[in-house]
Amino acid sequence: MIFPTETVYGLGADANNIHACRRIYTVKNRPMLHPVIVHISSMDHLSEWAIDISDFAIKLAKEFWPGPVTLILKRSPLAKDFVTGGQNTVGLRIPNHPIALELLREFNSLGGSGIAAPSANRFGAVSPTDKVSAFEDLSKFLHSDDLILDGGQSSIGIESTIIDCTFKAPVILRPGSVTSEMIEDLLHIKIMDQKFKKAKFFPGSFKSHYSPRAVLKLNCQPKIGEGFIAMSEIPTPKGAIRLASPANDAEFARQMYSAFRMGDKLKLQTIVAVTPRGQGISVAIRDRLTRASKV
Ligand code: TXA
Ligand code: MG
């Protein structure tokens, strides 16, 4: 089923059911080696899915869950290859959305232990931040008994911060609204640079991802008829089509993906975005904009 979270909408399936999980890959057209995040309802389920959990990982979970953080941990035997893409780790998250939490609790009461869910979009495309966007992307591939839960607009609008907790210090695999400063302030441990992890296959680090159909260009002057996304204080260049005017970084994150979709609906060839400066969530916004701009 498609369900809302505070980051983006997810395409969920019983994380213990190989057939259900395989369908996620079919519906998304996602490569089989690309692992999915297992969503759980509470910390009680942490040790079902993960083993050898470090103290700092527990601290992160206690501080940021339910919330926009995914922890990569050593997997337990419950986390099968069809969820982890064959890796020895599993990604876990408790989302902070009343409907997602209710769904997860209800699923537990029926005997389930976690819901595997990537973002509810076709592989490589823009994550959906509302029900209609998810449905538009995936409806062709759904069955009549698949479900969609409507939870309104996702309040954060970009995907969770992914923190690899399988080393001596945390490694951020994907920036998000929980920032490296917040993590270092909590743990008093320096985050390790992603580059040190010289894995042959590094999921989630595809250079090109989160892309609209339009070509996305960054920090240049839009031509007449091109889309334009920038902070509200930046005026719209003559002839450009304004797709979003966020007043701050949080609004930028919330509006960015729907602005991409709007550009595609208007059949624009090109969208120009002015990247927000500074730290905080704008690090994650720049990460997504940069990936979305790669072809
Ligand atoms: O906010 C989110 O994280 C949303 C909502 C639905 O929870 N989910 C999401 O899932 O963005 P997805 O599959 O679109 O992105 C998850 C990323 C993928 O790039 C995947 O490779 C990475 O997490 N990932 C999952 N398990 C992993 C693992 N064991 N090791 C490394 N990366 C992992
Ligand atoms: Mg995704």
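Observations on the model:
- Number of the condition not met by residue 178 [criteria: (1) surrounded by fewer than 20 Cβ atoms within 10 Å (Cβ to Cβ); (2) more than 16 Å from ligand 2 (Cβ to nearest atom)]: (1)
- When residues of the range 231-259 are limited to those that are in contact with a strand residue (DSSP E or B) (Cβ under 7 Å, 6 or more places away or on another chain) and in a loop (DSSP other than H, G, I, E, B), the one surrounded by the most Cβ atoms within 10 Å (Cβ to Cβ): 240
- Some residue of the range 124-137 being surrounded by fewer than 21 Cβ atoms within 10 Å (Cβ to Cβ), touching an Asp or Glu at 6+ places or on another chain (Cβ under 7 Å) and among the hydrophobic types (A, V, I, L, M, F, W, C): no
- Each residue in the range 181-230 was checked for being modelled with pLDDT of 85 or more, of a type in the set (Asp, Glu) and either exposed (fewer than 14 other Cβ atoms within 10 Å of the Cβ) or within 30 Å of residue 268 (Cα to Cα) (or both), and 3 pass.
- Within the range 260-274, the residues that satisfy the criterion of being surrounded by fewer than 19 Cβ atoms within 10 Å (Cβ to Cβ) and either over 20 Å from residue 120 (Cβ atoms) or modelled with pLDDT under 95 (or both) are 266, 267, 269, 270, 274.
- All of 68, 95 fail the test of being under 25 Å from residue 172 (Cα atoms), near ligand 1 (Cβ under 8 Å from one of its atoms) and in contact with a His (Cβ under 8 Å, 6 or more places away or on another chain), apart from 95.
- Considering each residue of the range 136-157 in turn, none proves to be at pLDDT 95 or above, touching a strand residue (DSSP E or B) at 6+ places or on another chain (Cβ under 8 Å), within 16 Å of ligand 2 (Cβ to nearest atom) and not in a helix (DSSP H, G or I).
- Restricting the range 114-135 to residues that are part of a strand (DSSP E or B) and modelled with pLDDT of 95 or more leaves a set whose member that is nearest to ligand 1 (Cβ to nearest atom) is 119.
- Some residue of the range 11-28 being free of Cβ contacts under 8 Å to residues at least 12 places away in the same chain, more than 10 Å from ligand 1 (Cβ to nearest atom), among the basic types (Lys, Arg) and at negative phi: yes
- Note on the range 51-77: among residues that are touching an Asp or Glu at 6+ places or on another chain (Cβ under 7 Å) and farther than 19 Å from residue 118 by Cβ, the one that is surrounded by the most Cβ atoms within 10 Å (Cβ to Cβ) is 74.
- Qualifying residue in the range 101-113 (condition: touching a residue at least 12 places away in the same chain (Cβ under 8 Å) and either within 9 Å of ligand 1 (Cβ to nearest atom) or β-branched (Val, Ile, Thr) (or both)): no
- Restricting the range 60-111 to residues that are under 23 Å from residue 158 (Cα atoms) and basic (Lys, Arg), the residue that is nearest to ligand 2 (Cβ to nearest atom): 93
The values are calculated or read from the model by the stated rules, or taken from the named source; none is laboratory data. Note that the structure is predicted; figures quoted are calculated from it, not measured. Counting neighbours? That spans all protein chains shown, and the Cβs are built from the backbone with ideal geometry, glycine included.
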